[in-house]
Structure formats: C-alpha cells, structure tokens
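The values are calculated or read from the model by the stated rules, or taken from the named source; none is laboratory data. Bear in mind that the values here come from a model prediction, so they are computed numbers and not experimental data. Cβ: placed from backbone, ideal geometry, glycine included. Neighbour counts: every protein chain shown. Remember, those area values only see protein heavy atoms, side chains included, never the ligands or the DNA or RNA. Shrake-Rupley method; radii C 1.70, N 1.55, O 1.52, S 1.80 Å.
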Amino acid sequence: MSEPDRFRDALRFLTVLPVAPSPDAMAPDWLARALKYFPAVGLLIGLLSALTLLIAGYFWNDFLAALLAAAMSMALTGALHEDGLADTADAFGGGRSGEQRLAIMKDSRIGTYGTLALGLGVALRVAAVAELPTWAAVTGLIAAHALARATPAIVMRRLSYSGDAAAMKAGYSETKLRDGEWSVLWTVCAAALIPLLFVSIRAAVVGVIFAALLTLAMIAWSRRMIGGYTGDVLGAVEQVFEIGFLLGVAAMF
C-alpha cells in the first residue's frame, strides 16, 4: 500500500469526508498501518476548527466562536471520539464487572454517566478556548487536535484489546507501529505544536504535561476496569487529551 493510500484510510476512518477506501482497506493490518497518519488528520481537523474560530470571531463573542469551532470538529468527525467518551463513561460508571462494562459499551443507548461526560467534555473544551487570546486559541486548537490523535497508538502499545476482535467494525490486528512509523507520528505532532510554541512556550509545555498525565490516568483506569482497551476507550482517551491540553494552555493565560 502506498503512503497516500494509508493517509486516505486514516482520513476515511477518522472523518465523515467522502473518501474512497484504499485497495488494501480489507487487509487485517490496514488500521495499524494508517495509525501513523492519525495526527496528520487531526492537524487538518484542527486547522478547519481554527479557521471556523477566526471567522466566527468577527461576528460573535469568544464563547460562541469557540462553540462553533467545537461544532466544526464534531461535524467533521461525526462525533466519533465523543461517542467513545460517552460509551466509556457509561461502562466504567455503571458496570460492576469487566464483562458487564464491555456489554454496556456495545449498547447504543446513552446513560446518565455518558450524558454527563459528553456535556462536561464539550463545555470544558469550549470554555478553555473562549478564555484564550485569539492566536493562542487558534494555535492551541491545531495542536490539541493533532496531538490527541496520537493517543490511540500509545494506548494500543501499552494495552491489549479487551473486546470481541471478531466484531470490530474496523478490523483488528496485533501488529504495532514500526519504528519508522512512530517517527512520522511524532514529527507531525511536533510540527503541530510549533505555532503554539511561538505564542507561549510555557503554555505549550504545561498543556502537554497536563494532557499526558490525564491520558496516563485514563490508560490505568481502563486497564483496571476492563483489562485493556476497546475502540470506545480510544475515543475517550482522545477526548481526555484534548480537554487536558486546552485546560493546561488556558491556565497559563
């Protein structure tokens, strides 16, 4: 599979954009090979969200502009990660055993824990962005979306899959990222962080540290609750990183 095909698979998986599957989209390891381009897709989502923020800022106040920027990211992804956060919150909050938690994750209905997590997650992201000066908000959004999309690779490296692999919509393979693929992933993350570094080095560093701590806590919680990860957990971790990063950046302003 060519590299453009792998990027196309990442774009097709993470967004609702009308992207045709690659010739190897049915291969068992297609998702593992596309994983290194997740931050690149996040960078695109972040750029479009930041552009929405800038345009909306000319017509409405900071809060409405931040809300519309969040709405743009959710529209682009079909609320993929938000759905994972809600399902994970319902499972971890309401389940009493690993098996029960996995069963709750498969339920398409949303419960009290999921509703609260979804509402609070969106509110925290919007409030954090609204607190930031314009260019800190723009560069923070770009970095947050790109870096957060690196978390699935980190979770998949540290944990094993706990769900029913045969029932996965995306297919499953134990194949991990190769050294060269990690290099691509981290290079895109570094590039996405550079604009924020020009605005505030301290904010960028604090944002990364705060988000990383919350991500590690989420990984440990998932290991304790279900002994590994599922697709919903990957979405939840992405959301937790975004929230933590934006809150960390906002704290420095």
Item to complete: For region 188-195, state whether one or more residues are out of contact with any Lys or Arg (no Cβ under 7 Å at 6 or more places or on another chain), farther than 15 Å from residue 39 by Cα and open to solvent by 10 Å² or more (accessible area, probe 1.4 Å).
Response: yes
Practice prompt. Within region 13-33, count every residue that is at pLDDT 90 or above and either crowded, with 22+ Cβ neighbours inside 10 Å or under 23 Å from residue 157 (Cβ atoms) (or both).
Written response: 2
Worksheet entry | Condition met for residue 127 (more than 14 Å from residue 236 (Cα to Cα), in contact (Cβ under 8 Å) with a residue 12 or more places away in the chain, open to solvent by less than 20 Å² (accessible area, probe 1.4 Å) and part of a helix (DSSP H, G or I)) | no
Worksheet item: Does region 87-104 contain at least one residue that is closer than 30 Å to residue 4 by Cβ and open to solvent by 30 Å² or more (accessible area, probe 1.4 Å)?
Response: no
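Results for (1) of a type in the set (A, V, I, L, M, F, W, C); (2) part of a helix (DSSP H, G or I); (3) within 17 Å of residue 177 (Cα to Cα); (4) in contact (Cβ under 8 Å) with a residue 12 or more places away in the chain, shown as yes or no for each residue.
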{"site": "10", "(1), (2), (3), (4)": "yes, yes, yes, yes"}
{"site": "18", "(1), (2), (3), (4)": "no, no, no, no"}
{"site": "23", "(1), (2), (3), (4)": "no, no, no, yes"}
{"site": "27", "(1), (2), (3), (4)": "yes, no, yes, yes"}
{"site": "31", "(1), (2), (3), (4)": "yes, yes, yes, yes"}
{"site": "35", "(1), (2), (3), (4)": "yes, yes, yes, yes"}
{"site": "40", "(1), (2), (3), (4)": "yes, yes, yes, yes"}
{"site": "43", "(1), (2), (3), (4)": "yes, yes, no, yes"}
Practice prompt. Any chance you could count how many residues in region 60-96 are over 25 Å from residue 15 (Cα atoms) and not in a helix (DSSP H, G or I)?
Written response: 4
